[in-house]
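What follows draws every value from the coordinates through simple rules; no lab data is involved. Only a predicted model underlies this, so the values are computations on that prediction, with no experimental measurement involved. Cβ coordinates were reconstructed from backbone atoms using ideal geometry, including for glycine residues, and neighbour counts include every protein chain displayed.
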Amino acid sequence: MSPQPPSVWHGAGRRIHVQEVGLRDGLQMEPVFVPTKDKIALANALSAAGLAKIEVTSFTSPTAIPALRDADIVLREITRRPGTVYSALVPNVRGAERAIEARADELNLVMSASETHNLANLRQTRAQSFGGLAQVVATAQSAGVAVNVSLSCVFGCPMEGEVAPAEVWGWVQRFVDLGVRGVTLCDTTGMAYPTQVHQLTAAARARWPDVDCTLHFHNTRGMGLANVLAAMAAGADRFDAALGGLGGCPYAPGASGNVCSEEVVHALQLMGYDTGVDLLQLTAAAQRLPALVGHGIPSQIAQAGPREALHPVPEGYAALRDRALARGA
Ligand code: COA
Ligand code: ZN
């Protein structure tokens, strides 16, 4: 009899990799330009907090994503912590060359499992994107830099609706055939729900046991953390999350924040998992965001504090207690 997989309800010190995407997925959406020195300071704070991977920026066209036009400087000037992987999104060979030059540990390539979303986001058919990304993979391989492929709209497309799993698996297989060993299944617009997540995660892990599979959820419809747990129940141990719950996609109507890093870390630590992350430092970094982006953030932990953050008893409590006790049982 094969051993039972460990229950998701007992962390028992198991490692879950929390991969920070706020500096990329979050800031790419923001209308304000966060000053370069503040981006670098945030990345350094995230490194110090112990995140397993940080997607630092994206090497896209500065006209397409002006908020990240300082990608080269940011990636070059951050302080690197041994044990953290510094990743960057690249859409094409030009981006790959820039990212490699700036010493990215990993290139994160992106295309959509949905034809409509791919055309809207990347202005290419999926076949054209794949052709271009195959060249990016070759560029990275000859430079000895790791590649991860993020597939958008795996759990549904905001324009097409359902995306057939066979379509998704077809694209994963094409990248695996090129030698890619990291794949992220992205719920770009928060359409995923727990039973679907469990099924697709289990299917991906069974078919590609040697590929590092990351799950990337947005909390658009309030199912983010439930989806993380559903994926963990199917064996997943790598999750993208964004500081403060920032995030979205400029070409995906209605998209909103990623699952929030400090909410994920807070929940998983209470459940006995090891995220390697210092929650207080992470929350302190999140609390710097409103001043940088010019608006509030959806993070419940930044607002409420962790479960252990107790409040003082209200004024007059001693008298209140004495009166109640004086009344007898
Ligand atoms: N880095 C810097 N500049 C780039 C670039 C890169 N990686 N890729 C393209 N450019 C520049 C070109 O040099 C060109 O500049 P010019 O107008 O001064 O000559 C301009 O961008 C347009 O290039 P082109 O090859 O025609 O690309 P495009 O206009 O079809 O844009 C993308 C294609 C994908 C590069 C662009 O739309 C993009 O970067 N999009 C961002 C997608 C994204 O990150 N979405 C969110 C993530 S889900
Ligand atoms: Zn996203």
Checklist entry - Roughly what angle does helix 224-233 make with the longest principal axis of the chain, taking Cα atoms, 0 to 90 degrees, to the nearest 10? => result 80
Checklist outcome for this item: GNM on the chain, Cα springs under 10 Å; top mean-square fluctuation among 267, 241, 71 goes to 267
Checklist outcome for this item: Helix 126-143 sits off the longest principal axis of the Cα atoms of the chain, rounded to the nearest 10 on a 0 to 90 degree scale, by 90
Checklist entry - Going by alpha carbons, how many degrees (0 to 90, nearest 10) lie between the helix axis of 317-326 and the longest principal axis of the chain? => result 50
Checklist entry - For region 17-327, what is the relative contact order in percent, using Cα pairs closer than 8 Å and at least 6 residues apart in sequence? => result 18
Checklist entry - Taking region 95-180, which GluC sites (Glu not before Pro) meet the DSSP loop condition and have no more than 16 other C-beta atoms within 10 Å? => result 160, 162
Checklist entry - How long is region 37-124 along each principal axis, judged by its Cα atoms, biggest number first, in Å? => result 39, 23, 21
Next on the checklist: Antiparallel versus total DSSP beta bridges in the chain: what percent is that, nearest 5?
Outcome noted: 5
Checklist outcome for this item: The Kirkwood hydrodynamic radius of region 17-327, taken as the inverse of the mean 1/r over all distinct Cα pairs, in Å, comes to 19.8
